[in-house]
Every structure is written in structure tokens, then in C-alpha cells.
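Note sheet for the following structure.
The values are calculated or read from the model by the stated rules, or taken from the named source; none is laboratory data. Keep in mind that what you see is a predicted model, and the values were worked out from it rather than measured. Don't worry about glycine lacking a Cβ; one is built from the backbone with ideal geometry, like all the others, and counts go over all protein chains shown. We work out accessible area using only protein heavy atoms, side chains counted, and drop any ligands, DNA or RNA first. Shrake-Rupley method; radii C 1.70, N 1.55, O 1.52, S 1.80 Å.
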Amino acid sequence: MAPSHVQEPSADRRLSTLVRHLLPSSPRRTAAAAAEDSSATLESSPTMASQGCSVFAGLAQAPEDPILGVTVAFNKDPSPNKVNLGVGAYRTEEGKPLVLNVVRRAEQMLVNDPTRYKEYLPITGLADFNKLSAKLIFGADSPAIQENRVATVQCLSGTGSLRVGGEFLARHYHEHTIYIPQPTWGNHVKVFTLSGLTVKTYRYYDPATRGLDLKGFLEDLSSAPTGAIVLLHACAHNPTGVDPTIEEWEQIRQLMRSKSMLPFFDSAYQGFASGSLDKDAQSVRMFVADGGELLMAQSYAKNMGLYGERVGALSIVCGSADVAGRVESQLKLVTRPMISSPPLHGASIVATILKDSEMYHEWTVELKAMADRIISMRQQLFDALKARGTPGDWSHIIKQIGMFTFTGLNSEQVAFMRQEYHIYMTSDGRISMAGLNAKNVNQLADAIHAAVTQLK
């Protein structure tokens, strides 16, 4: 203990010492002089927030994200009748967010387990989660899994999986161009560009039919370079809701394999589109069955409702087990400086559900209920427009699949519906079917009818 007669240095002396360390001084400047000038010197510093100045003062205000910005505008609207059809998150019939019962059970089990710790996961993530995720998308009997040809790493949902995969390809694949569908999820271009890849597009959606432009799709891939990377939506294409048929997928597969193209699947809606986990994975499994290589980005945001937990996986199907081992080693080098290691909680929820047969069954029942409600809302919206005699063919609403519908409405009509009916959606006319319910579907039908008849 210090003697009682020793006094603590005064605030002025402490400030003087700090100034001597932080500010340039000459040998002739005394501590007293430095202390005398310290107040004025610090006040004139251009980084002092108290003076209203900043080294970042020249930054421009960034625009809102075109999708998330819809919710920002929605939240500012005081109308009690406002409807948000912009965000890609499931809502109940009452318009509320949903936590699956099986997810709550899994979480409670994890909380009550006294043997669990909060230690870091390995760089590749939770081993059980990785194995079960690959099995879920590729199938339990997949030859790629049986032959140990799959390298899987846990990532931050689908976005993180795409980013890790993109950066891996930029480092280790001979082609640095990725072809993505036009249109596609708005984040794809940014993710792959920042990964170090060059992004080009291929035709996908036909506005005239509001369906698949298979001819344009195949023509654009035919003219793409051999070995190009091609992004494919596994099911429930975002934003259009338009998927190829199995026969069309086969044509796509044959063309891509004939040109040694590398498929990169984005699977955000397995089980959420049709209600069947196996049906929604058919396109992916066709490409795995031919023995070729591919990348697969998975997300559990939609099908388990784990939006904020950021749970996903990147799997790379390789030509051999030896190659898969080396691929995994390089994926670690991508992940380590990016996130160090992935989070534990969400992956543990998924693994708990997938490895327990009873909980797995409960999940499939809840998953199908979500999918069925969305399919029902498609039919209700179609029927409501038909009852009003709304001009045009609206059958695409019930032909499209998954969370989103590409209505065909233009930006002027979208703005009109926001202003007059307080209905919020992205400017390209995409609506989230999950935001519809029996209470607001007629409001939407009225708005569409008015927009189509008054703004042609």
C-alpha cells in the first residue's frame, strides 16, 4: 500500500503528461508550457467531435438498401392500415413473426444442458451441423456424401456462404466470371463483386409470359465461356417465384456439363417452397448425381425461421475425397480472417433438430404448414383479382412458387399503391406472399385493381 502522505497527481498534471505523449514538441518546450497550451491545442484538433468536425465529414449519405429500405419507409407511415410486403420473412395469419415450436423446444434443451459451454467452434464450424446440412440438401443416400467428396463449412447464413464461396473461387478457380440470372436477389451482385469475381447476367425471366425464358437462358449460357461459374437458385427463385420444371432443369444441366461450367447453387428456401424438403432439392441432386462438381450455399433463415441467428453452410462437392480435404483446408484460410470462427447457438439449434427423428418430423410438419399458408394466399389473391375483373392475366400468381411473387406491376403503380393504399413493396413489383393474410388480401386486391385500371 502506498504511504498516506503521497498525493495523487492533479488533473492538470495528468493532462499535461497526456499532451506531451500525444502532441509533437521540441526539446525547448517545457512541461509547463505544454500544459499551458494543451487546452487550446486539443480544442483545435480536427478530430474533436465536440467541435462538429470529423475526418468523415466528406462522406455522402448512402442510399437505403432497396429491399430493407421498404421497411424503413413502412415504419415511418402512421397509417393503421399499412401493409408491408417488402421484407422476406414469414408472418402468421395474424401478421406476427413466428418462432417454430420445435425451435423453442430445441433452444430449451440447449439451455437446460449443464454440460454445454460457450467455447469457440473450430474454423469450419459445428461438425454435426455440417454433416447434417450436407445430408439434408444432397440426400442421405448421396454418392458424394458416401464417398466423402463433400467439403462443408458453417457460414453466416446464405449471404456468408455465398461470400466465402465467391472468395474461394476468386483465389483458386481458373475462371473469375460468374453468371447470375436477370433478375436475381439484389445482394448477389454486391457479394460476388466484393469477393473478387466479375459478374455477368443470363436471361431468366420473360415479362411477357411472367414465366421462365428458357430459350434466352440456354442461349446465354451457350455463348458464355467454357468453365464459367453459373449461379442457380435451387428453388423458389427470388424475386420472380419462377422455377424451371424438372425437364427444363435437365436441359440446363446437360448444357452446363457439356461446357464444363461450374454450378453454384443458392438454396434459401428448401422445404419452404413446396412444403417438401426432397422436392425442393431435386435440381441440386440432379447435378450431384452426374458425378460433377458444384458449390452449394444453404440458409436456415426461412425454413427454420432462424433469420437473426444467421445460420448457413457452404458445401463444395469435389471429384474425390482427397480433393475435398484440400478444399476444406483452403476454405479455412478464407474464413479465418473473415469471421475467425462461426457462432455456436444457431447451428446447435439446427443440429439438435436434424439429428432427432421426432423433432425432425415435427419440423417438417411446421415447415409444410408455412408453405401451405403461402400457397393458400396465392390462391386467395388470384381469386380476389378475378372477382374484381382486374384487367390482365393473373394466373402467374398461382403458378409461381415460394415466398415471393413478381406481380408485373411497374414502379409508377407501386408508388401509387404506397401513396393511396399504404401498401409497401419493392419498386420492381415484387411482393412477399408471407406478408398477406385474410385481413389484408382484399386491400391488396383493391390496390392492384386501382393501379392497373388508373395507371396503364
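Let me test this: with uniform point scatterers at the alpha carbons of the stretch 82-161, what is the Debye-based log₁₀ I(q)/I(0) at q = 0.15, 0.16 1/Å?
Summing over Cα pairs of the stretch 82-161 leads to -0.87, -0.94.
For the chain, take the longest principal axis of its alpha carbons; what is the angle in degrees between that and the long axis of helix 11-22, to the nearest 10 within 0 to 90?
Helix 11-22 and the main axis of the chain meet at about 70 degrees.
If you roll a 1.4 Å probe over the heavy atoms of the protein chains, what accessible area per residue do you get for the stretch 46-124, in Å²?
73 Å²
Which loop trypsin sites (Lys or Arg not before Pro) in the stretch 168-216, with loop taken from DSSP, have no more than 11 other Cβ atoms within 10 angstrom of their Cβ?
For trypsin sites (Lys or Arg not before Pro) across the stretch 168-216 that sit outside H, G, I, E and B with at most 11 neighbouring Cβ atoms in 10 Å, the list is empty.
Calculate what fraction, in whole %, of the accessible area of the stretch 397-456 sits on carbon and sulfur atoms when a 1.4 Å probe is rolled over the protein chains.
46 percent
For n ≥ 4 DSSP H runs only, could you compute -39500 (n - 2.57) per run for the chain, divide by its residues and tell me the 222 nm figure to the nearest 500?
-14000 deg cm²/dmol
Straight-line reach from residue 259: which aspartates and glutamates fall under 18 Å, measuring Cα to Cα and dropping same-chain residues less than 8 apart?
175, 219, 220, 248, 250, 290, 293
How large is the accessible surface of residue 193 in square angstrom, using a 1.4 angstrom probe and rounding to the nearest 10?
Counting only protein heavy atoms, residue 193 exposes about 80 Å² to solvent.
Tell me the carbon and sulfur percent of the accessible area for the stretch 144-301, rounded to whole percent, probe radius 1.4 Å.
Carbon with sulfur: 50 percent of the solvent-accessible area.
Please state the charge dipole magnitude for the stretch 350-456, taken about the Cα centre, from unit charges on C-beta atoms (+1 on K and R, -1 on D and E), reported in debye and rounded to the nearest 20.
260 debye
What is the Rg over Rh value, at two decimals, for the stretch 94-218, using alpha-carbon atoms and the Kirkwood definition of Rh?
Across the stretch 94-218, the Cα-based Rg/Rh ratio is 1.06.
Computed from the mean reciprocal separation of all distinct C-alpha pairs, what Kirkwood hydrodynamic radius does the stretch 157-210 have, in Å?
This gives a value of 11.8 Å.
Could you give the angle, 0 to 90 degrees to the nearest 10, between helix 214-223's Cα long axis and the longest principal axis of the Cα atoms of the chain?
Taking the Cα atoms of the chain, the angle to 214-223 is about 60 degrees.
Angle between the Cα long axis of helix 357-388 and the longest principal axis of the chain, 0 to 90 degrees, nearest 10?
Helix 357-388 sits roughly 70 degrees off the main axis of the chain.
Filter the chymotrypsin sites (Phe, Trp or Tyr not before Pro) in the stretch 82-147 to those in DSSP coil with at most 13 other Cβ atoms within 10 Å of their Cβ, and list the result.
117, 120
Using alpha carbon coordinates only, what is the Rg to Rh ratio of the chain, with Rh defined as the Kirkwood radius?
1.09
Which lysines have a Cα less than 22 Å from the Cα of residue 456, not counting those fewer than 8 places away in the same chain?
386
With every protein chain present, what is the per residue accessible area of the stretch 218-351 (1.4 Å probe, Å²)?
It amounts to 31 Å² per residue over the stretch 218-351.
What is the percent carbon and sulfur in the accessible area of the stretch 309-352, measuring with a 1.4 Å probe over the protein chains and ignoring ligands?
Here it works out to 53 percent.
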